[in-house]
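Below is one structure; the comments refer to it alone.
The values are calculated or read from the model by the stated rules, or taken from the named source; none is laboratory data. All values reported here derive from a predicted model rather than from experimental measurement. Cβ placement follows ideal geometry from the backbone for every residue including glycine, while neighbour counts extend to all protein chains displayed. Accessible surface areas use protein heavy atoms only, side chains included; no ligands, DNA or RNA. Shrake-Rupley method; radii C 1.70, N 1.55, O 1.52, S 1.80 Å.
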Amino acid sequence: QGFGNVGLHTARYFHRAGAKIIGVIEWDGSIYNPSGIDPKALEDWKLEHGTITGFPGATATDEDLLEGEGDIPLPCAKEKVITIDNAHKIKARVIAEGANGPITPAADEILIANKQLVIPDIYCNSG
């Protein structure tokens, strides 16, 4: 969630380490490709077009990708995107907080009860 400073560079590092980036959420749309999205190609597209929408390497989606089938969702843009209302829908076993405070305290309790590991923002975004 987010393809700015934190989201872009996190996607790059994960991609270099062999991870597959399957979805990206931005303020103006979300894209998905189960075969993987090349972060560099998406960065080039966004720089040229000002948006991730229309990127030819993925399909637009209305699905809430934070609740999707990915292994490690990376909320990297906004506070309070995982709340008491959607925490129980998160399927991933690990969530890495790239943004400041993307998980509310009540949602955190749900994730802990479900034995889901939250890597706190202080570790993921300490720069």
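So that you can scan it fast, the table gives a plain yes or no per residue for (1) of a type in the set (A, V, I, L, M); (2) within 15 Å of residue 1 (Cβ to Cβ):
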{"residue": "63", "(1), (2)": "no, yes"}
{"residue": "76", "(1), (2)": "no, yes"}
{"residue": "84", "(1), (2)": "yes, no"}
{"residue": "98", "(1), (2)": "no, yes"}
{"residue": "108", "(1), (2)": "no, no"}
{"residue": "113", "(1), (2)": "yes, no"}
{"residue": "126", "(1), (2)": "no, no"}
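Considering only residues of region 64-97 that are open to solvent by less than 90 Å² (accessible area, probe 1.4 Å) and more than 13 Å from the chain's Cα centre (by Cα), which is farthest from residue 119 (Cα to Cα)? Among those residues, the one meeting the criterion is 86. If you go through region 54-61 one residue at a time, do you hit one that is in contact with a strand residue (DSSP E or B) (Cβ under 7 Å, 6 or more places away or on another chain) and buried (at least 21 other Cβ atoms within 10 Å of the Cβ)? Yes, region 54-61 contains a residue that is in contact with a strand residue (DSSP E or B) (Cβ under 7 Å, 6 or more places away or on another chain) and buried (at least 21 other Cβ atoms within 10 Å of the Cβ). Only one entry of 44, 108, 28 meets the criterion of being among the acidic types (Asp, Glu) and either open to solvent by 60 Å² or more (accessible area, probe 1.4 Å) or touching a Pro at 6+ places or on another chain (Cβ under 6 Å) (or both), and that entry is 44. Among the residues of region 1-24, those that are aliphatic (A, V, I, L, M) and open to solvent by less than 30 Å² (accessible area, probe 1.4 Å) comprise 8, 11, 21, 24. Filtering region 1-47 to residues that are more than 20 Å from residue 125 (Cβ to Cβ) and assigned to a strand (DSSP E or B) leaves 29, 30, 31, 32.
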